[in-house]
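Some notes on the structure that comes next.
The values are calculated or read from the model by the stated rules, or taken from the named source; none is laboratory data. Everything numeric here is computed off the predicted structure, so don't read it as measured data. Methodologically, a virtual Cβ is constructed for each residue, glycine included, from the backbone with ideal geometry; neighbour enumeration extends over all protein chains shown. When the accessible area is computed, the model is the full protein with side chains, heavy atoms only, and any ligands, DNA or RNA have been set aside. Shrake-Rupley method; radii C 1.70, N 1.55, O 1.52, S 1.80 Å.
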Amino acid sequence: MTEGDTGASAPYTDAARARLVMAYEACELADLARAFVPIGEHELNPDGTNRSPGTVLADAIRVVAVAQRFFEAAAVFERMGGADWQLIGDVLEVSPRAAWVRFAMAEAAFRELLSRERGPAAGEAERLRAYMTREPLEVALDLDDWVLRHEDGDSDLGTTPVSGGLARRDPRRGAETHS
């Protein structure tokens, strides 16, 4: 891969793009959740009560929302990778129909992002996902940096822990390859 291999010049598979969206959601979830670990010196009153009632709960709602997006992104990745609703239902211990009801809209939204005829994305999150599907290498390189900054003794990650695993379509055979 060269630095200029972004967008159309780097035809990544739909599954690779879905996995990248899932990686981004995991990164955001990790950052949000990690912010709850330290206890700030001004969070508690001298008697141990919360100095700012409701603040932590409001922030926790954001963590749950991102966790839901991560969960949906994982299901979309499984679908883009070839999993059927039966398999997804089995893993989640629900019926295939229940799995479809839970994740079909997320899958449809992702497939819409992949379509070339699509107009501009509406919301901020949708624009970000559209960007991730259009410029997967650029996003993957940013995530490479994030992973390497947050390494916790995982020395075998290499220098491209995200971008190095993205599968690309082989234009000669129409098959998928790994970069």
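What the table below lists for this structure:
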{"read-out": "The listed residue being more than 17 Å from ALA15 (Cβ to Cβ) and in contact with a strand residue (DSSP E or B) (Cβ under 9 Å, 6 or more places away or on another chain), out of ARG51, ARG69", "value": "ARG51"}
{"read-out": "Members of segment 68-88 found to be out of contact with any helix residue (DSSP H, G or I) (no Cβ under 6 Å at 6 or more places or on another chain) and aromatic (Phe, Trp, Tyr), listed by number", "value": "PHE71"}
{"read-out": "Selection from segment 124-166 of residues that are part of a helix (DSSP H, G or I) and of a type in the set (Ser, Thr, Tyr)", "value": "TYR131, THR133, SER155, SER163"}
{"read-out": "Considering residues of segment 28-52 that are touching an Asp or Glu at 6+ places or on another chain (Cβ under 9 Å) and within 30 Å of GLY165 (Cα to Cα) only, the residue least open to solvent (accessible area, probe 1.4 Å)", "value": "LEU32"}
{"read-out": "Scan of segment 89-103 for residues that are part of a helix (DSSP H, G or I) and open to solvent by 60 Å² or more (accessible area, probe 1.4 Å), ordered by number", "value": "ASP90, VAL91, LEU92, ARG97, TRP100, VAL101, ARG102"}
{"read-out": "Residue in segment 113-122 that is open to solvent by 40 Å² or more (accessible area, probe 1.4 Å), of a type in the set (A, V, I, L, M), at pLDDT 85 or above and in contact with a Pro (Cβ under 8 Å, 6 or more places away or on another chain) present", "value": "no"}
{"read-out": "Filtered residues of segment 53-71 (kept if open to solvent by 60 Å² or more (accessible area, probe 1.4 Å) and either more than 21 Å from ALA167 (Cβ to Cβ) or small (Gly, Ala, Ser) (or both))", "value": "PRO53, THR55, VAL56, LEU57, ASP59, ILE61, ARG62, VAL64, GLN68, ARG69, PHE71"}
{"read-out": "Of all residues in segment 1-31 being aliphatic (A, V, I, L, M) and over 15 Å from ALA125 (Cα atoms), the one that is modelled with the lowest pLDDT", "value": "MET1"}
